[in-house]
1. If only one of 129, 93 is more than 18 Å from the chain's Cα centre (by Cα) and at pLDDT below 90, which one is it?
2. Hey, among the residues in the stretch 159-171 that are more than 17 Å from residue 45 (Cα to Cα) and out of contact with any helix residue (DSSP H, G or I) (no Cβ under 9 Å at 6 or more places or on another chain), which one's surrounded by the fewest Cβ atoms within 10 Å (Cβ to Cβ)?
3. Which members of the stretch 140-151 meet the condition of being in a strand (DSSP E or B) and either at positive phi or exposed (fewer than 14 other Cβ atoms within 10 Å of the Cβ) (or both)?
4. Please count how many residues of the stretch 64-88 are touching a residue at least 40 places away in the same chain (Cβ under 8 Å) and buried (at least 17 other Cβ atoms within 10 Å of the Cβ).
5. Which one is surrounded by the fewest Cβ atoms within 10 Å (Cβ to Cβ), of the residues in the stretch 1-44 that are in contact with a strand residue (DSSP E or B) (Cβ under 8 Å, 6 or more places away or on another chain), at pLDDT 50 or above and not in a strand (DSSP E or B)?
6. Of the residues that make up the stretch 101-108, is at least one in a strand (DSSP E or B) and modelled with pLDDT of 95 or more?
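The values are calculated or read from the model by the stated rules, or taken from the named source; none is laboratory data. Since this is a predicted model, take the numbers as computed values, not measurements. Because the Cβ atoms are built from the backbone with ideal geometry, glycine has one as well, and the counts that use them run over all protein chains shown.
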């Protein structure tokens with residue numbers, strides 16, 4: 001019952017209309033503070049996984065919730081921005097043995113959540129040069145990740161992402177957000 005209520009709350013937050021006023025000139029972050037709903041296709045260890053993710057980005061914390069195809073909460077990660085402490089809860093027994101991998105995937109996403117809009121102010125990621133018609137590319141030299149951004153909406157929020165990492169790859173589609 002509790003998981004169903006959480007899902008309904010998160011679904012309501014992410015299905016609301018987008019908030020105006022997110023022009024790139026007005027914001028510093030690639031992903032402005034808000035709540036994002038994602039469809040995720042993950043390939044790791046020769047297997048493919050699909051899930052729905054909900055990410056809440058706030059000045060004081062980051063929360064990532066992984067939902068099953070049925071909308072049940074599979075796991076929740078909460079990071080305190082002030083001290084960097086990360087807490088994870090895994091609700092499906094079969095996933096508990098994968099906690100280190102889930103945290104590793106999250107560690108790669110952390111740099112993307114902190115990415116800046118302006119190339120000259122970027123600290124965690126390096127903006128790579130691209131062909132004029134190609135996707136935007138960001139590189140994380142610390143962990144060997146590459147992020148490709150394929151699509152932006154009218155608010156300059158990335159809607160299509162691809163992540164390449166030595167241990168996994170992922171395609172992420174932002175299906176809704178509220179900022």
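1. Working: 93 fails: at pLDDT below 90.
Every option except 129 fails the conditions.
2. Only one residue fits best here, namely 160.
3. Filtering the stretch 140-151 for residues in a strand (DSSP E or B) gives 140, 145-151.
Passing the criteria: only 151.
4. Of the residues in the stretch 64-88, the ones touching a residue at least 40 places away in the same chain (Cβ under 8 Å) are 64-65, 67, 71-73.
Retained after the next criterion (residues that are buried (at least 17 other Cβ atoms within 10 Å of the Cβ)): 64-65, 67, 73.
Matching residues across the stretch 64-88 total 4.
5. Ranking the qualifying residues of the stretch 1-44, first place goes to 28.
6. As a first pass, look at the stretch 101-108 and keep what is in a strand (DSSP E or B): none.
Scanning the stretch 101-108 turns up no residue that is in a strand (DSSP E or B) and modelled with pLDDT of 95 or more.
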